[in-house]
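Trainee: Take this structure, written in structure tokens, and hold onto it; I'll ask about it next.
What follows is calculated from the coordinates using simple rules that are stated; it is not laboratory data. Note that the structure is predicted; figures quoted are calculated from it, not measured. Note that each Cβ is placed from the backbone with ideal geometry, even for glycine, and that neighbours are counted across all protein chains shown.
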Amino acid sequence: MIKVRGLTKDYGARRAIHNLSFDAQQGEIVGFLGPNGAGKTTTMRILTGYMPPTDGEVIVAGYDVVEESLEVRKRVGYLPETVPLYTEMAVFDYLKYMGDLRQLPNVEDRVDEVLEMVGLSDRAEGYIANLSKGMRQRVGLAQALLHKPEVLILDEPTIGLDPGQVVEVRNLIREIGKERTVLLSTHLLHEAQNICDRVLIINKGKILAEDTTANLQSRLAGAERVALRIRGEADKDLIKTIQKVKGVEEAEIKGDGLVEFEFAPGKDARPEVAKQVVQAGYDLLEMRPLGMSLEEIFLELTSAEGKKK
């Protein structure tokens, strides 16, 4: 569990984090989403006890990061953006060394467990220097999981990975997130949409929004948007047919038989649109809702923030 209230961090005259407050619960993957320089890494460093805050309260796994920093570190697994590894060591030896530093009991058995968990059992005897970036990322994740942390903090965990490695790491994080609190930072919008239960959108050290992606879509969309596909090509007569339906505010041809239309929230025009399209002699193949993408949500929020200033 993570509880943050009024978190502020200053670097001299520059304020990097402005009065942040948020929570993350056990069994929840929370995405910390924002552009480079938004304050994500600074926040994570404070949460892990790497640096102190200027002001505010931070409770991680039930302990204060300032007053009880050692207790927090015992309960947090941290994967920084640049994974610190001893490349001249073999994978098993490195993880055993890290386990010994934490004074873990039955450390060799635990190393075997985490190697299995991250899919590196067959690389246990290989040197870290010979591993790909994706494999090294897994070693870093294994190190973060060694001591069975209650809270896992991951800073850009898929950065620099190829598409296949990204999918593997995503799946692993989802599995890990079933039992732990996971806070994951990223500047990749689709990354948060694919992994996280909830997102915190941060820009210039301030939280602009906090919710599930679906709820953010509902809150920010001014109208419900729907994609409709017919057999063959859409034409102006189809647009007229759709626009005659009460509640439809806009309709446009997108090509390949696809039309998108909007209706006011709370006035679901889909059943009547489907009925009218079929009665007009068109073969209706598909009708599906179109939510705002996380990218559109982010751009709308940040542009609104800019207009306030």
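Trainee: Please sort 20-31, 95-106 by packing, taking for each peptide the average over its residues of neighbouring beta carbons within 10 angstrom, highest first.
Mentor: 20-31, 95-106
Trainee: At 222 nm, what helix-only mean residue ellipticity would the chain give, in deg cm²/dmol to the nearest 500, using -39500 (n - 2.57) for each DSSP H run of four or more?
Mentor: -10500 deg cm²/dmol
Trainee: For Cα pairs less than 8 Å apart in space and 6+ apart in sequence, what is the mean separation divided by the residue count of the chain, i.e. the relative contact order in percent?
Mentor: Once normalised by length, the contact order is 20 percent.
Trainee: While we're here: What ranking of Tyr127, Tyr63 emerges when the number of other C-beta atoms within 10 Å of each C-beta is taken as an exposure proxy, fewest first?
Mentor: Lowest count first: Tyr127, Tyr63.
Trainee: Using Cα springs under 10 Å in a Gaussian network model of the chain, which residue among Thr41, Thr87, Thr212 shows the largest mean-square fluctuation?
Mentor: With Cα springs under 10 Å in the chain, the top fluctuation among Thr41, Thr87, Thr212 is at Thr87.
Trainee: Which whole-number value in Å³ per residue fits the convex hull of the alpha carbons of the chain?
Mentor: 164
Trainee: Across segment 1-104, what fraction of all alpha-carbon pairs, as a whole percent, falls in each successive 10 Å bin from zero upward?
Mentor: With 10 Å bins starting at 0, P(r) equals 13, 40, 31, 14, 1.
Trainee: With springs only between Cα atoms under 10 Å apart, run a GNM on the chain and tell me which of Gly34, Gly56, Gly177 wobbles the most.
Mentor: So, out of Gly34, Gly56, Gly177, the one fluctuating most is Gly56.
Trainee: Among all the aspartates and glutamates, which ones have a C-alpha under 17 Å from Lys236's C-alpha, if same-chain residues fewer than 8 places away are not counted?
Mentor: Glu249, Glu250, Glu252, Asp256, Glu260, Glu262, Asp283
Trainee: Counting other Cβ atoms within 10 Å of each Cβ, which GluC sites (Glu not before Pro) in segment 92-154 have at most 13 and sit in a DSSP loop?
Mentor: Numbers: sites: Glu108, Glu113, Glu116, Glu125, Glu150; in loops: Glu125, Glu150.
When the GluC sites (Glu not before Pro) of segment 92-154 are filtered for loop state and at most 13 Cβ neighbours within 10 Å, Glu125 remain.
Trainee: Next question, about the same structure. Hey, if you put +1 on the Cβ of every Lys and Arg and -1 on every Asp and Glu Cβ in the chain, which of Gly134, Gly119, Leu184 ends up farthest toward the positive end of that dipole?
Mentor: Going by the charge dipole, the pick is Leu184.
Trainee: For the chain, with a Gaussian network of springs between Cα atoms less than 10 Å apart, report the residue from Gln276, Gln193, Gln137 with the top mean-square fluctuation.
Mentor: Gln276
Trainee: Excluding same-chain residues fewer than 8 positions from Lys148, which aspartates and glutamates have a Cα within less than 17 Å of its Cα?
Mentor: The qualifying aspartates and glutamates are Glu28, Glu71, Asp100, Glu108, Asp109, Asp112, Glu113, Glu116, Glu175, Glu179.
Trainee: I need the fraction of alpha carbon pairs in segment 81-213 separated by more than 22 Å, rounded to a whole percent.
Mentor: 39
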